[in-house]
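Colleague: The structure under discussion is supplied below as structure tokens; questions concerning it will follow.
The values are calculated or read from the model by the stated rules, or taken from the named source; none is laboratory data. Quantities reported herein were computed from a predicted structural model and do not represent experimental measurements. Note: ideal-geometry Cβ built from the backbone for every residue, glycine included; neighbour counts use all protein chains shown.
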Amino acid sequence: MSLKPEYYELMWQGLKTHEFRRRYLVGCVTTWYVYLTAPISRLAAVIDLDEAVLDTPQRIARLAEQARVGNGASVYAYLKDLEHRFALPIRRVREYVGFSATELTQMLGSFHPPQGYTLVARHPTWAAVCGKLATSDVVREMTVDHPATVE
């Protein structure tokens with residue numbers, strides 16, 4: 001999945017504890033191989049996500065507000081037209097030197113930054129690239145503790 005660098009940095013500051021998505025997988029823990037968009041333009045992180053919280057846009061917005069005051073309104077605006085959407089609890093973040101868009105093109109034959117999410121297990125070439133990333137040296141790492149869920 002792609003992520004804007006400013007949101008990625010909010011994770012390191014402890015101000016982003018969930019990823020909010022309009023659609024996602026239900027009922028499973030996932031690992032997210034993160035492509036940081038321009039100006040960084042690198043596959044550079046691996047994030048472990050807990051099972052998605054599926055709830056109303058109002059309750060998901062409250063989770064966003066709990067992590068960072070003022071963020072609830074923008075998350076609600078993003079999700080408001082939907083009955084139920086996803087908050088993905090971030091549990092662990094690992095950053096690597098990673099691979100540039102040019103390097104990804106060389107490894108994959110062609111490359112376009114992801115627009116949504118790709119199930120890596122269904123794409124052997126992507127699985128190999130992600131495996132290479134995850135076995136390289138970690139630049140920095142952190143775990144995220146979550147407060148009790150808002151009722």
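Rundown of residues vs (1) among the hydrophobic types (A, V, I, L, M, F, W, C); (2) modelled with pLDDT of 95 or more; (3) within 15 Å of MET11 (Cα to Cα), yes/no style:
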residue	(1), (2), (3)
VAL26	yes, no, no
ILE40	yes, yes, no
VAL46	yes, yes, yes
VAL69	yes, no, yes
PRO113	no, no, no
GLY116	no, no, no
LEU119	yes, no, no
HIS123	no, no, no
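Colleague: Any residue that is more than 20 Å from LEU36 (Cβ to Cβ) and touching a helix residue (DSSP H, G or I) at 6+ places or on another chain (Cβ under 8 Å) - is there at least one of those in the range 98-112? If you could, list the steps in order and put the result at the bottom.
Modeller: Step one: list which residues in the range 98-112 are more than 20 Å from LEU36 (Cβ to Cβ), which gives 109.
Narrowing the set further to residues that are touching a helix residue (DSSP H, G or I) at 6+ places or on another chain (Cβ under 8 Å) leaves 109.
Yes, because at least one residue in the range 98-112 is more than 20 Å from LEU36 (Cβ to Cβ) and touching a helix residue (DSSP H, G or I) at 6+ places or on another chain (Cβ under 8 Å).
Colleague: Within the range 46-65, which residues are surrounded by 22 or more Cβ atoms within 10 Å (Cβ to Cβ) and over 11 Å from ALA87 (Cβ atoms)?
Modeller: Scanning the range 46-65 gives a single hit, ILE47.
Colleague: Among the candidates GLU103, GLU65, GLU83, single out the residue that is at pLDDT below 90, among the charged types (D, E, K, R) and out of contact with any Lys or Arg (no Cβ under 8 Å at 6 or more places or on another chain). First the steps, then the outcome.
Modeller: Numbers: GLU103 fails: at pLDDT below 90; GLU65 fails: at pLDDT below 90.
Checking each option against the conditions leaves just GLU83.
Colleague: In the range 3-19, what residues are closer than 25 Å to SER100 by Cα and either of a type in the set (Asp, Glu) or outside any helix (DSSP H, G or I) (or both)? Even if it seems obvious, please write down each step before you answer.
Modeller: Our first condition is that a residue be closer than 25 Å to SER100 by Cα; within the range 3-19, this holds for 3-13, 16, 19.
Correct list: LEU3, LYS4, GLU6, GLU9, GLN13, LYS16, GLU19.
Colleague: Considering every residue within the range 109-122, establish whether at least one is small (Gly, Ala, Ser) and surrounded by 13 or more Cβ atoms within 10 Å (Cβ to Cβ).
Modeller: Looking through the range 109-122, none of the residues is small (Gly, Ala, Ser) and surrounded by 13 or more Cβ atoms within 10 Å (Cβ to Cβ).
Colleague: Moving on. Can you work out which of the residues in the range 20-32 that are of a type in the set (Phe, Trp, Tyr) and outside any loop (DSSP other than H, G, I, E, B) is farthest from ALA77 (Cα to Cα)?
Modeller: Restricting to residues being of a type in the set (Phe, Trp, Tyr) and outside any loop (DSSP other than H, G, I, E, B), the top hit is TRP32.
Colleague: When the residues of the range 11-30 are filtered to those that are of a type in the set (A, V, I, L, M, F, W, C), more than 23 Å from LYS80 (Cα to Cα) and over 12 Å from the mean Cα position of the chain (by Cα), which remaining residue is surrounded by the fewest Cβ atoms within 10 Å (Cβ to Cβ)? Can you show your working first?
Modeller: First, pick out the residues of the range 11-30 that are of a type in the set (A, V, I, L, M, F, W, C): 11-12, 15, 20, 25-26, 28-29.
Next, only the ones that are more than 23 Å from LYS80 (Cα to Cα) stay: 11-12, 28-29.
Next, only the ones that are over 12 Å from the mean Cα position of the chain (by Cα) stay: 12, 28-29.
On the way: TRP12: 12, CYS28: 10, VAL29: 13.
Only one residue tops the list, namely CYS28.
Colleague: Can I ask one more? Restricting to strands (runs of 3 or more DSSP E) lying wholly in the range 33-151: which have 2 or more residues that are in contact (Cβ under 8 Å) with a residue 60 or more places away in the chain?
Modeller: Answer list for the range 33-151: 42-49, 85-100, 138-143.
Colleague: Please count how many residues of the range 113-151 are touching a helix residue (DSSP H, G or I) at 6+ places or on another chain (Cβ under 8 Å) and among the β-branched types (Val, Ile, Thr).
Modeller: Number of matching residues: 7.
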